[in-house]
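This report refers to the structure that appears directly beneath it.
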Amino acid sequence: MYEGPPLAKDERAIVRADPVVSAGAPVQLRLRQVDGQDVGLSASKVEPPPGTHKLLVDCRIAESGSVGRFTVEAELEAGGHYRLVANTTARKCEAVELIGD
């Protein structure tokens with residue numbers, strides 16, 4: 001994670017991992033790490049500096065209890081807003097991708 005001086009809002013990106021509903025089943029996305037650094041259990045967003053980042057994400061389907069772990073590599077732009085989205089079936093997560101809001 002970024003450890004330099006604080007960045008203004010328009011100089012950092014925002015990445016969210018909000019719970020969603022997909023394929024009719026409640027899905028929980030949890031951001032575990034950014035660039036190898038753990039993210040707090042209660043965090044649903046991170047605000048890294050622009051550049052290339054590696055996100056480690058868990059995707060859980062409530063009905064089946066299935067949990068998948070995915071790595072998402074993305075180029076983030078300063079001031080950009082992004083959301084993690086799960087591609088699921090009713091029983092499991094197939095993939096996680098990052099989309100711009």
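The values are calculated or read from the model by the stated rules, or taken from the named source; none is laboratory data. Keep in mind it's a predicted model, so treat the numbers as computed, not measured. Note: ideal-geometry Cβ built from the backbone for every residue, glycine included; neighbour counts use all protein chains shown.
Among the residues making up the range 34-66, those that are closer than 18 Å to Ala95 by Cβ and surrounded by 15 or more Cβ atoms within 10 Å (Cβ to Cβ) are His53, Leu55, Leu56, Val57, Asp58, Cys59, Arg60, Ile61, Ser66. Screening Ala95 with (1) small (Gly, Ala, Ser); (2) buried (at least 16 other Cβ atoms within 10 Å of the Cβ); (3) more than 20 Å from Pro6 (Cα to Cα) gives one miss only, at (2).
Kindly establish whether Arg16 is out of contact with any helix residue (DSSP H, G or I) (no Cβ under 7 Å at 6 or more places or on another chain), of a type in the set (Lys, Arg), at pLDDT 90 or above and under 15 Å from Glu73 (Cα atoms). So Arg16 fits the description; yes. Assess whether Arg60 counts as being modelled with pLDDT under 95, of a type in the set (D, E, K, R) and either within 10 Å of the chain's Cα centre (by Cα) or assigned to a strand (DSSP E or B) (or both). Judged against the criteria, Arg60 is a match.
Screening Arg69 against (1) at pLDDT 95 or above; (2) over 15 Å from Val96 (Cβ atoms); (3) surrounded by fewer than 16 Cβ atoms within 10 Å (Cβ to Cβ) leaves a single unmet condition, (2).
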